[in-house]
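Inspection log for the structure reproduced underneath, given as structure tokens.
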Amino acid sequence: MDRPFPAYKGDDPYIFICYAHADAGIVYPELVWLKEHGCHIWYDEGIAPGEEWTEELAQAIKGASHLLYFVTPDSIQSRKCRDEINFALDHDIHLVSVHLTETQLSDGLSLTLGLTQAILRYELNEQDYHTKLFSGIGAPLSDAPTASPVEQANNNSRLIGAGFGLVILAILGIGLLLYSQSTSKIEEPPVAESDVMADTTPIVAVLPFKATGSDDGGFLASGLHDDLLTRLAKLDAFRVISRTSVMEYAQTTKNMRQIGDELGAGYILEGGVQARGNRVRINAQLIDASADEHIWADTYDRELTAANLFDVQAELAAAIAGGLETTLSDSDRALMGQVPTQNTAAYNAYLRGLELRDRGGFNAVNSQMIVEAFEQAVQQDPEFALAWAQLSIERSRLAQITDDAEMSEAALVSRARAQTLQPDLEEVQLAQVVYLYRGLFEYEQALQMLEALQERSTLNASSLMLKAWLLRRVGRVRDGYLTALEAQKLDPRSIDVAGFLVWGAYESDDCGSAGQHALAALALAPNSATVRTHVAQYELECTGNAHRASELLRDVQFAEDNWILWTARNAARLERDYQSMLELAKVPQPRTSPLAPIFDQLVQTVALRYLGREEDAVAILDAIGEVLTTMEREGNDVSQPYARVKSIYHSLRGNAEATRYWVEEDRRRFRIEDKGDLADEADNHLWYADNLARVELHKEAIEELRVMFEQPGGHGFRFVDAWPQFDTMKNHPDYINLRERFGDAR
């Protein structure tokens, strides 16, 4: 059988493949998959069975980062395979075995391989197999033997070389880096330092309800599932896994034991909803996930009214508690006994709003649809306090997305209406927290109110993540990270939580944990633009490998968020790939503002300067100058983004005094408009330093970097040291001092 590609020859990390020639038909597709995902592969080039070893083969094993052994009945009979395995183990090469078919090992081979290294490919689906393979390749390297400082430096140079791309590069590369990072603070998977959620509290996963022959196309099943999760999450008797994490199991073929293991849930509730005419039938069953055994099952056949739907939810909560051999508290029963509205049309509109919120993204189009659904709910029932509260929350979100002052005012009005109707409702208080956060940028006040609210109510994943973001905003980066770890217990399959953990770890100067979170996030959602961006930023901050960051973002669509596009631009800048930086600067920002095109043109100017195309750069600057003159003539307000534009523009013009003035104006306006967002303020110092360095105000630029390094969050020294604009400062005594103080902080 023809070989699919040549064996790798180079200095980057590679995997040595051990297999029997008779298995080429099933092994080669595995090798092609690995290579397509960025792995370097060395495998023999047709050594005939029985042929003597060569020096080249021995050196190939000694130079490999891993030996991957494909186990079959033929391979365990191969003397060549046994010799390769023994030689690899003698030279401390990490070995991973993949059993392609069910194979009975000899006693000697079983002892050699060890049970913990076996990946049973024939028992796993594609996703689970690749996840286990990634883990087997990456994680065990944290147990590698300690090398001398010189040996470790040489090993690090070999192990973290470029060449790993896309999913495998991050999985394998991160695994290698976890060992080589001397500044890593956590070697094992991170454990929260707080005790927000007791370990003894039962955890229930409520799977999406199946719509069985409903007239409404399944809308009621979806909305009722969402509302039930929201209500159950408030109870003290047990915890529930968030909707984000359970939705992927809507059409699953996995058994209950697998689902429970993946979600960290001991119990699973599944059911179906049938809505016909004015009748609704709901069936439900509670399952012990560890034993995959039913605890109870019941059917609820009622007239289709809002009150009856709330009654069924209360009965389900009591039945779940009974099945878990616990009881609902008086406050739990009172909560489940509430009937927020008697109006079925209003409740249907409310359910539609919840469904849109959970299924859509954080964008203006979806947010507007959610607002309209909740508006319909309060139009149908003006006394529906819960819908007014949710309307306020969503209007605050939309106001932040669109920078719409009228929408922000509408959010306040909605919240006031909810407060008048039902002041003690948890969602009413939460609406005020969200308004303070998104509408007024009063982060400290919002955090204090949220913490007071959480002292009185059960925490759910959504409120925990809101708290994590607020903690980050006020500069408590590590606390935010630990809070997100708690949220992950209730939302283990959430892409947003997984990404935040990568971010929070490296901002806490903990690259070891950041690498593990990056590995887990990619295994969870390898094609997610958000996940890839978080992992790319990890590469820039913790490994300094801009090429790997660029590879992760090469095929990503930038329509989701400006942050994704700016990360790709920064990766190209740090890679010194200025042509790519220029092309990315021509991609319009997804979330536009009047100044967005000018920002894009300024980035183009920087790239053109790096490329030596001065005439083209000056032409763009001249055009920007005319636009700014017109804006000044028309009396535009001096906002923080405008001050940022002016500082960059004057630095590119070489005007030191004007640059210094507008940097200070940027700083002043930011503190007024963003109310002390310490997370973003830390990041701002990089841009201040960039502009000041461009006009050779080196001492001032270095001072900005020092302040950033001393603040929580912000960029690390490895990221800064790769920034092209700072090349001219690297021999400055103050910069050398920064390197000595902060060079190993992460």
Leu490, sole failed condition from (1) aliphatic (A, V, I, L, M); (2) open to solvent by 10 Å² or more (accessible area, probe 1.4 Å); (3) touching a Lys or Arg at 6+ places or on another chain (Cβ under 9 Å): (2)
Identify, from the list Arg493, Arg554, Arg472, the residue that is part of a helix (DSSP H, G or I) and either over 23 Å from Asn684 (Cβ atoms) or touching a residue at least 40 places away in the same chain (Cβ under 8 Å) (or both). Arg472
If only one of Val273, Val240 is farther than 14 Å from Ile320 by Cβ and either open to solvent by less than 20 Å² (accessible area, probe 1.4 Å) or at pLDDT 90 or above (or both), which one is it? Val273
Select the helices (runs of 4 or more DSSP H) contained entirely in region 7-107, then report the ones holding at least 2 residues which are within 19 Å of Arg121 (Cα to Cα). 24-36
Being open to solvent by 30 Å² or more (accessible area, probe 1.4 Å), within 24 Å of Glu614 (Cβ to Cβ), modelled with pLDDT of 90 or more and assigned to a helix (DSSP H, G or I) is true for just one of Thr629, Thr659. Which residue is that? Thr629
Please go through (1) in contact (Cβ under 8 Å) with a residue 24 or more places away in the chain; (2) crowded, with 24+ Cβ neighbours inside 10 Å for Ala484 and return the number of the only condition it doesn't satisfy. (1)
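In the set Ala452, Ala418, which member is over 27 Å from Leu678 (Cβ atoms) and assigned to a helix (DSSP H, G or I)?
Ala418
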Out of curiosity, is Ala461 open to solvent by less than 10 Å² (accessible area, probe 1.4 Å), aliphatic (A, V, I, L, M) and within 24 Å of Ser513 (Cα to Cα)? yes
Which condition breaks for Asn343 when tested against (1) within 20 Å of Leu425 (Cα to Cα); (2) in contact with a Phe, Trp or Tyr (Cβ under 8 Å, 6 or more places away or on another chain); (3) open to solvent by less than 40 Å² (accessible area, probe 1.4 Å)? (3)
Check whether at least one residue in region 253-266 is hydroxyl-bearing (Ser, Thr, Tyr), within 31 Å of the chain's Cα centre (by Cα), under 26 Å from Ala487 (Cα atoms) and open to solvent by 10 Å² or more (accessible area, probe 1.4 Å), and report yes or no. no
I need the full set of residues from region 225-236 which are farther than 21 Å from Glu355 by Cα and either modelled with pLDDT under 85 or part of a helix (DSSP H, G or I) (or both), in order please. Asp236
Based on what the data block shows, is Ser647 open to solvent by less than 50 Å² (accessible area, probe 1.4 Å), assigned to a helix (DSSP H, G or I), under 30 Å from Tyr443 (Cα atoms) and among the small types (Gly, Ala, Ser)? yes
So which residues in region 308-338 are open to solvent by 60 Å² or more (accessible area, probe 1.4 Å) and among the β-branched types (Val, Ile, Thr)? Thr327
If the requirement is being over 28 Å from Met336 (Cα atoms), of a type in the set (A, V, I, L, M, F, W, C) and either at pLDDT below 90 or open to solvent by less than 20 Å² (accessible area, probe 1.4 Å) (or both), which of these qualifies: Leu398, Leu391? Leu398
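When you go through Glu455, Glu507, Glu451 one by one, which is the residue that is touching a helix residue (DSSP H, G or I) at 6+ places or on another chain (Cβ under 9 Å), open to solvent by 10 Å² or more (accessible area, probe 1.4 Å), acidic (Asp, Glu) and without any contact (Cβ under 8 Å) to a residue 40 or more places away in the chain?
Sole residue among the options that is touching a helix residue (DSSP H, G or I) at 6+ places or on another chain (Cβ under 9 Å), open to solvent by 10 Å² or more (accessible area, probe 1.4 Å), acidic (Asp, Glu) and without any contact (Cβ under 8 Å) to a residue 40 or more places away in the chain: Glu451.
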Got a sec? Which of Leu678, Leu738, Leu686 is farther than 30 Å from Leu436 by Cβ and not hydroxyl-bearing (Ser, Thr, Tyr)? Leu738
Does any residue of region 573-585 turn out to be part of a loop (DSSP other than H, G, I, E, B) and either small (Gly, Ala, Ser) or open to solvent by 60 Å² or more (accessible area, probe 1.4 Å) (or both)? yes
For region 317-331, check the following and say yes or no: at least one residue is out of contact with any helix residue (DSSP H, G or I) (no Cβ under 9 Å at 6 or more places or on another chain), more than 12 Å from Glu394 (Cβ to Cβ) and of a type in the set (Asp, Glu). yes
Of the numbered conditions (1) of a type outside the set (A, V, I, L, M, F, W, C); (2) open to solvent by less than 30 Å² (accessible area, probe 1.4 Å); (3) part of a loop (DSSP other than H, G, I, E, B), Glu383 fails exactly one; give the number of that condition. (2)
Determine whether region 355-377 contains at least one residue that is in a helix (DSSP H, G or I), out of contact with any Asp or Glu (no Cβ under 9 Å at 6 or more places or on another chain) and β-branched (Val, Ile, Thr). yes
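The values are calculated or read from the model by the stated rules, or taken from the named source; none is laboratory data. This structure is a prediction, so every number in the text was calculated from the model and none was measured. FYI the Cβ positions are ideal-geometry reconstructions off the backbone, even for glycines, and counts take in every protein chain you see. Quick note on the areas: whole protein, heavy atoms, side chains included, nothing else; ligands and nucleic acids left out. Shrake-Rupley method; radii C 1.70, N 1.55, O 1.52, S 1.80 Å.
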